[in-house]
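As structure tokens, the structure follows; a few thoughts come after it.
What follows is calculated from the coordinates using simple rules that are stated; it is not laboratory data. What you see is a predicted model, and the numbers here were worked out from it, not measured in a lab. So basically every Cβ, Gly included, is an ideal-geometry build from the backbone, and we count neighbours across all protein chains shown.
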């Protein structure tokens with residue numbers, strides 16, 4: 001850590017890059033990297049690509065030997081290449097490897113450490129080792145080197161951890177130090193939105209206006225999204241008009257889809273028509289790099305609006321983009337299911353089966369859910385039969401959905417067997433469908449098979465899925481006591 005501090009140059013108060021306006025709202029920090037004369041700053045494209053592929057393609061616990069080997073071969077190290085690789089590893093959620101590169105760079109006296117490096121390392125420590133270790137790291141940084149970017153990284157750590165009190169305290173420190181910038185306000189607004197404290201959003205926006213802090217597209221987006229979630233339609237419409245009138249704001253497609261979603265949530269026909277107008281307006285603002293995610297959102301929203309023709313129109317454009325993967329099929333099939341187009345779902349599933357390159361259980365499981373809700377159990381069993389023939393044994397989620405379908409349609413004996421297979425095939429992170437489980441346990445108890453019910457509860461416990469919450473849900477819903485006495 002002391003080596004880092006010795007190498008760290010006090011930077012000018014540059015700004016962060018704009019942060020990505022997504023559900024996760026991940027912060028990105030950027031400044032110029034200072035490169036010493038003896039480090040190659042113009043590595044060839046071929047060299048950069050080779051190092052990139054060595055590091056990004058490496059899957060062992062430690063990435064350090066790859067870096068050491070690279071240097072041992074007498075190859076140049078380009079600091080910007082390493083920063084790009086770290087960025088890519090973070091994109092793939094390979095935070096530990098990204099942190100290892102940061103720490104490897106810290107140990108090299110010929111590589112500079114900027115506040116960009118400090119900020120990124122702070123964020124990665126929080127992700128890999130937790131908030132306490134990130135705080136310990138921050139506390140070792142001398143006060144004169146805690147520039148606003150570093151404070152901002154700490155603030156974002158608190159945001160990601162939903163540590164509201166500490167975030168508010170850090171935000172106040174940044175205010176006191178004169179570090180009040182659009183991005184810091186956006187981070188706090190994002191946290192308040194996550195915590196459903198929407199009433200504080202207007203207070204922060206008012207403060208920004210009073211202090212002359214620019215309200216940017218991200219500020220607008222956070223507030224607009226909160227209005228849409230709470231169905232505050234007049235306020236949502238007023239804010240959209242303000243955005244459109246702001247000469248500093250370049251309107252983007254997702255602003256209109258956010259408002260359209262707010263309209264659709266109301267279920268009012270007039271608002272649904274307004275939503276369709278905005279969805280079509282949004283299509284003209286989609287940039288080439290945004291097409292995939294934008295079209296997937298449009299498919300879902302047009303389906304919510306009941307616009308089957310627009311769903312197929314967007315799907316055609318989506319497919320014409322070229323190569324696409326399972327998520328596109330999943331999104332389209334979900335949209336068709338929302339429109340209650342069961343036959344269309346079946347046809348698309350057959351298309352996916354014929355051209356499937358990478359198998360994904362989510363897709364057949366979606367089809368099974370659609371069929372179960374319609375009581376088409378023979379079709380469900382046909383899907384499972386084809387899965388098995390294709391070498392794909394049903395997973396825990398498949399059996400759980402089938403159990404739900406059997407319960408819904410009175411096939412209790414098959415439901416019991418499906419639920420048992422679901423629990424046996426369960427995995428870490430799997431959640432039992434307590435409503436279906438309760439129905440099955442009650443059936444067993446009524447049928448004089450209380451021992452079998454107790455065995456199923458015991459199996460849940462052995463597999464690590466009988467949490468207090470699950471148990472309480474079962475207790476509350478069971479009308480008899482004999483089943484639950486085994487846990488009493």
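Some points to look at:
- Degrees between helix 253-266 axis and first principal axis of the chain (Cα, 0 to 90, nearest 10): 40 degrees
- Using bins of 10 Å that start at zero, the share of Cα-Cα pairs per bin across the stretch 393-457 amounts to 24, 57, 18, 1, in whole %.
- Projected onto its three principal axes, the C-alpha set of the stretch 99-144 covers 30, 26, 15 Å, listed from the longest axis down.
- With Cα atoms, 0 to 90° folded angle of helix 79-91 axis to the chain main axis: 20 degrees
- Over all pairs of different C-alpha atoms in the stretch 111-230, the reciprocal of the mean inverse distance, the Kirkwood hydrodynamic radius, equals 14.9 Å.
- Between the stretch 265-306 and the stretch 358-417, the alpha-carbon center distance in angstrom: 31 Å
- Whole-number D in µm² s⁻¹ for the stretch 244-395, Kirkwood Cα-pair radius fed into Stokes-Einstein, 10 °C, 1.306 mPa s: 94 µm²/s
- Each listed q (0.10 Å⁻¹) maps to a log10 I(q)/I(0) for the stretch 322-426, found by the Debye formula over equal Cα scatterers with no solvent: -0.27.
- Computed over the chain, the quotient of the alpha carbon radius of gyration and 2.2 N^0.38 Å is 1.17.
- For the stretch 297-375, the Kirkwood hydrodynamic radius comes to 12.7 Å, computed from all pairs of different C-alpha atoms.
- The C-alpha atoms of the chain define a longest principal axis, and helix 396-408 lies at about 40 degrees to it.
- When the alpha-carbon atoms of the stretch 56-120 are used, the pair Rg, Dmax equals 11.3, 30 angstrom.
- Extension gain, residue 237-residue 468: 0.36 nm per intervening residue step, less the Cα-Cα distance, totals 78.8 nm.
- Whether the stretch 247-309 is rounded, prolate or oblate, judged on the alpha carbon gyration tensor where a/c under 1.5 counts as rounded: oblate
- Going from the residue with the fewest nearby Cβ atoms within 10 Å to the one with the most, 272, 173 rank 173, 272.
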